[in-house]
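Have a look at the structure below before the remarks.
The values are calculated or read from the model by the stated rules, or taken from the named source; none is laboratory data. All values reported here derive from a predicted model rather than from experimental measurement. Methodologically, a virtual Cβ is constructed for each residue, glycine included, from the backbone with ideal geometry; neighbour enumeration extends over all protein chains shown. Quick note on the areas: whole protein, heavy atoms, side chains included, nothing else; ligands and nucleic acids left out. Shrake-Rupley method; radii C 1.70, N 1.55, O 1.52, S 1.80 Å.
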Amino acid sequence: MARQRPDSPSLFEIVERPDFSVEKRAIKRGQWPVAGLDEAGRGPLAGPVVAAAVVLNPKRIPAGLDDSKRLTFAQREDLFVEILGTALGVAMASVCAEGIDSSDIRKASLEAMRRALVGLPLAPKLALADGRDVPPGLPCPGEALVKGDQRSQSIAAASIVAKVMRDRMMTGCGQTDARYGFEIHMGYATARHRAAITAHGAVTRWHRMSFSPFRLDGEEAIPTDDELL
């Protein structure tokens, strides 16, 4: 007889928090240093995809590391500073909108993670990548962890660094061109952003022209800002 699910909700919601267990197992296998890899900016209509690689110091792991999406702006900023001050190595890399358009967002994200790993000041023996894919061309073995930023503190640290850096880059775009409000929505497809695109067109150096709504099969594409002049 099949067991029926209870009608009452759980008293406590179980939330997974990242720890250092995956890294500890790698250390026991002789795979140290271990780098965490993650990216920010897969979904927006504008801006680069930014990746980070972080090798944490096992003796100085910042408290509160978590998936960057589950942290507040202030928490990310504080942890960003602490990660930079305590980690054994931190590196960042990005692929711009044109680079994304020339391939696709998945390949661009993996390439950004590869570049970040190569940029570390020490050579990792293992790379832990958030998601289902190991970036091709890594100089060391790699392991993909689904929801890795909620399982591995190294990946969580990389997610924070990537998110903070990308937000700062988009804030700079907003200061350069105030029409689109990049500093508010960070390039995501909010109502304000879509309205600005309709009014002013797309900025080809910032907007991802291979993304909807810029290129739709069988439909007229939104013009660029140059085409509106």
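Taking square-rooted eigenvalues a ≥ b ≥ c of the alpha carbon gyration tensor, is the range 43-136 rounded, prolate or oblate, where a/c under 1.5 means rounded and, failing that, a/b exceeding b/c means prolate? The shape class here is oblate. Ligands, DNA and RNA aside, residue 106 has an accessible area near 100 Å² when probed at 1.4 Å. Look at the dipole of the chain built from charges on Cβ: of 73, 49, 129, the Cα furthest out on the positive end belongs to 129. Note on residue 151: accessible area is roughly 90 Å² with a 1.4 Å probe, heavy atoms of protein only. The mean accessible area for residues of the chain, using a 1.4 Å probe and ignoring ligands and nucleic acids, is 53 Å² per residue.
Do the sum for the chain: with -39,500 (n - 2.57) for every DSSP H run of n ≥ 4, divided by all residues, what is the mean residue ellipticity at 222 nm, to the nearest 500 deg cm²/dmol? Write down the numbers at each step before the final one.
On the way: 8 runs with 84 residues, N = 229.
Counting only the DSSP helices, I get -11000 deg cm²/dmol.
Here the accessible area is traced with a 1.4 Å probe on the protein chains. For the range 88-138, carbon and sulfur cover 50 percent of it. Residues whose amide H comes within less than 5 Å of that of residue 49, counting only those at least five positions distant or on another chain, are 95 (H built at 1.01 Å from N in the peptide plane). Solvent-accessible surface (1.4 Å probe) assigned to residue 206 amounts to roughly 40 Å².
Under the classification rounded if a/c is under 1.5, otherwise prolate if a/b is larger than b/c and oblate if not, where does the range 105-154 fall, given a ≥ b ≥ c as square roots of the Cα gyration tensor eigenvalues?
Details: a/c = 1.74, a/b = 1.14, b/c = 1.52.
Taking the square roots of the gyration eigenvalues as a ≥ b ≥ c, the range 105-154 is oblate.
Expressed as a whole percent, the accessible area of the range 13-61 that falls on carbon and sulfur atoms is 48 (1.4 Å probe).
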